[in-house]
Amino acid sequence: MTGDAATPTPPPPIRILLAEDQVLVRDSLKVLIDTTPGLATVGEAGTGAEAVLLAHRQRPDVVLMDIRMPDMDGIEATRRICAAPESAGVRVLILTTFDLDEYVYAALRAGASGFLVKSATASELLAGIRVVASGEALLAPTVTRRLIADFLRGPASTPALRDLTDVTQREREVLTLIGRGMSNSEIADHLHLTVGTVKTHIGRLLAKLQARDRAQLVIAAYEGGLITRDTRH
């Protein structure tokens, strides 16, 4: 029996909204994204308010969000996008000038799925978009550790705001190690578990804490009091 196999239908492109007030930067990002197979821009915003409006209207897969913008900053825009039913499922990837920007922690609390530094290469940016669009958090363990260090330089009496009553002891251990910036394989080695078991625990933590991704689990570890100056090592 002969015959050509049916050509598989390519998946739809990842739809991206650009939120950047500098026109030159925005135009450069648009050219890069629209000339990359599998990616497409669906809108451009020059202010935070425009980003919120377009996110509700276009429902992109990913918003590339600058932090410092006129009218409404990227943190507040991120908060509104991630909280609104009109933009449910839209994921925000923060673009920041400095990798230890004082606003990064606030942006993650607002619901962002990660962040990229504007000095990143084109390949790093494109890879980051795909990571966030796939449902993962763009928060590498090394970056997490640096955020923790910055967080721990703050006031000593950070209040515990997150209720961890329904989290089991083993899940607390996993959550603490996530908060310390460990990868799944590092957590597995530390707790003498398989990587698959660690992933199961993480899945349960995501559900119990209503967290969308690993970035928000890091925040939950902070707010639940699992990460303090006494537990950072």
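The values are calculated or read from the model by the stated rules, or taken from the named source; none is laboratory data. Predicted, not measured: the structure shown is a model, and the values here were computed from it. Counting neighbours? That spans all protein chains shown, and the Cβs are built from the backbone with ideal geometry, glycine included.
A few notes on this one:
- In the range 58-89, residue farthest from Pro11 (Cα to Cα) [restricted to those that are modelled with pLDDT of 95 or more, assigned to a loop (DSSP other than H, G, I, E, B) and in contact with a strand residue (DSSP E or B) (Cβ under 7 Å, 6 or more places away or on another chain)]: Pro60
- Selection over the range 120-137 of residues that are in contact (Cβ under 8 Å) with a residue 12 or more places away in the chain and farther than 13 Å from Leu29 by Cβ gives a count of 7.
- Failed item, numbered, when Pro11 is tested on (1) modelled with pLDDT of 95 or more; (2) surrounded by fewer than 14 Cβ atoms within 10 Å (Cβ to Cβ): (1)
- Ala40 falls short of the stated requirement of being within 18 Å of Ala112 (Cα to Cα) and at pLDDT 95 or above.
- Selection over the range 166-175 of residues that are over 16 Å from Ala215 (Cβ atoms) and surrounded by 15 or more Cβ atoms within 10 Å (Cβ to Cβ) gives a count of 4.
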